[in-house]
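Input: a single structure, listed below in structure tokens.
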């Protein structure tokens, strides 16, 4: 599996330059069908497993179901993106990243009905999903190829590309080429999550000051 070079020129406190919706669509479009195939294949495998092996799937909750689907999305991605020009797959800390022309980085993820992503708020995850620079990640806009299931986990409701701003969507659009799109997070960068309580308190103070400044400027 190929790995990405570390960009020595980047300051790790800088926000990334984010692709617009139209720019993102242009970059993702040649690979949208493959990304969609990864999602639908993995979800169909889960449905088949749950149908045939009820005794095995019955005790599994949403977390285990998501893990099953993620493993199969990754497995399918390794197959369909093999030797695709302009695409590099890299795995680190248990996550697969799909690099497209140094412009986009795509990860697979389950999304809520409101197209929100869930992740453990480590410093690295906060910076990754907050579109802030990270060592070894390059400067591509971070994208999520996400899927949505119904409340019972028995129906695929949608598959979208979502550009995260923290836990919310800076913007999103369907992977099947539809014209629908949306956004619910107007501002970047997202402040990195501090490690200890004193740093968290300082960030809270800094955010409050920033809000007051914006209020005075408005």
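Couple of notes before you dig in:
- Per-peptide average of other Cβ atoms within 10 Å, ordering 143-154, 19-30, 44-55 highest first: 143-154, 19-30, 44-55
- Contour minus Cα-Cα distance for residue 55 and residue 71 (0.36 nm per residue): 3.7 nm
- Annotation: peptides 60-69, 165-174, ranked by per-residue average of other Cβ atoms within 10 Å with the highest first, follow the order 165-174, 60-69.
- What the Cβ-Cβ distance of residue 22 and residue 139 gives, at R0 = 25 Å and to the nearest 0.05, is a FRET efficiency of 0.85.
- Estimated distance in nm for a label pair at residue 84 and residue 44, the labels positioned 7 Å out from Cα along Cα-to-Cβ: 1.7
- Alpha-carbon gyration tensor eigenvalues x 5, square-rooted, for region 11-143, Å: 28, 18, 13
Coordinate-derived values only; no laboratory data. Since the model is a prediction, treat every value here as computed from it, not as a measurement. Here Cβ is always computed from backbone atoms with ideal geometry, including for glycine, and neighbour counts include all displayed protein chains.
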